[in-house]
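Below you'll find the structure, written out as structure tokens, and then a few comments.
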Ligand SMILES: O=C(O)CCC(=O)C(=O)O
Ligand SMILES: [Fe+2]
């Protein structure tokens, strides 16, 4: 976007668990951690090796004719492929076998065996490969939620969204550009559930999304070996500049009973948040019983009350 200010993320090198927990985690801001020992995956995870290690495991992938995936127009397909076929296609620019076109793009976000009930865990779904990666466990064992493969073709862009768990996005191979927005800027992102309708964050349609200019754009480049800490609720938009293999680990920042028990992706709103939204919907339905003049009056007063009671004064 013309002239928009970009706020670079802070970067730290060789951060230990102790330092992370003391100095970085409490700030609840995204940061890039460099030079962390991620284990043998850093040299081992070539296309050939990945294909051989877990080749015949079936994976469900996103396939798109264009690099910018669009959840509104659904310009992508879901297809199932053996892991080795998927890896080869994601790594090549032109395909001889394809679903849509010879330059279609691929994206994999791994799931549990039964995606509705089971949570993604590399140790269960890819045990051989899981041994190659040393996940920075800068949280208690009980807080662990999931480990997810994020593998994409060069150019692929994933829409802006938030997740409800804390997250380390570990870039093992390839390069990514990640654009982030604070949870505070949610009012400017035109949300549809957990996703932003502003798909093109570089050239947004400002006639359609005029408030988007107010969203402060944080940005980082992830190179092989980098780990991005994404706190829960921080929006992220990810573009793979090269074919690359990433793994992300979600963990629970709050006590387990705060989360939705049916959440297998790490992106269902907290149980109390969903309940509050339902109650608000009922209040809105009730306000419809009033004539416009009164609805407006009580509506404005309720907004004020919500602001007074919920907004944090802890602004930067
Ligand atoms: O890197 C990607 O492909 C997306 C990462 C992401 O959305 C996440 O880790 O929550
Ligand atoms: Fe995410």
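FYI, it's all coordinate maths here, none of it is from the lab. This is a predicted model, so every value here is computed, not measured. Note that each Cβ is placed from the backbone with ideal geometry, even for glycine, and that neighbours are counted across all protein chains shown.
Between residue 35 and residue 290, how high is the FRET efficiency from 1/(1 + (r/R0)^6) when r is the Cβ-Cβ distance and R₀ = 45 Å? Nearest 0.05. Present the calculation step by step, with values, prior to reporting the outcome.
On the way: r = 61 Å, r/R0 = 1.35.
So, using R0 = 45 Å, E works out to roughly 0.15.
Distances longer than 30 Å among the Cα atoms of the chain: what percent of all pairs is that?
38 percent
Be a star and scan the stretch 153-174 for residues whose amide nitrogen sits under 13 Å from the point 7 Å along the Cα-to-Cβ vector of residue 128.
Zone members listed by number: none at all.
So for the pair residue 177, residue 214, with labels modelled 7 Å out along Cα→Cβ, what separation do we get in nm?
2.6 nm
Given R₀ = 41 Å, what would the calculated FRET efficiency be for residue 97 paired with residue 279, taking r from the Cβ atoms and rounding to 0.05? Show your work: numbers first, answer last.
Working: r = 52 Å, r/R0 = 1.26.
Step by step, r from the Cβ atoms, then E = 0.20.
For the peptides 153-165, 134-146, what is the packing order when you average, over each peptide's residues, the other Cβ atoms within 10 Å and list the highest mean first?
Numbers: 153-165: 22.1, 134-146: 16.3.
Per-residue Cβ counts within 10 Å, averaged per peptide and sorted highest first, yield 153-165, 134-146.
Please give the contour-minus-distance gain from residue 60 to residue 304: 0.36 nm per residue of separation, less the Cα-Cα distance, rounded to one decimal in nm. It would help to have the intermediate numbers written out before the result.
Numbers: separation 244, 0.36 × 244 = 87.84 nm, distance 4.60 nm.
Length gained between residue 60 and residue 304: 83.2 nm.
Would you mind putting 39-50, 85-96, 244-255 in packing order, based on average other-beta-carbon counts within 10 Å, highest first? If you can, show how the numbers build up before the last one.
Working: 39-50: 15.9, 85-96: 17.8, 244-255: 21.1.
Order by mean packing, descending: 244-255, 85-96, 39-50.
Please work out how much length the chain gains when fully extended from residue 271 to residue 202, using 0.36 nm per residue of separation minus the C-alpha to C-alpha distance, in nm with one decimal. Before the final figure, lay out each step's value.
Details: separation 69, 0.36 × 69 = 24.84 nm, distance 3.39 nm.
That works out to 21.5 nm of additional length.
Ranking 219, 308 by Cβ neighbours within 10 Å, fewest first, what do you get? Please report the intermediate quantities before stating the final value.
On the way: 219 14, 308 8.
In order of increasing Cβ crowding within 10 Å: 308, 219.
In nm, give the distance between the simple-model label positions of residue 23 and residue 260, each being 7 Å from the Cα along the Cα-to-Cβ direction.
Computed distance between label sites residue 23 and residue 260 equals 3.8 nm.
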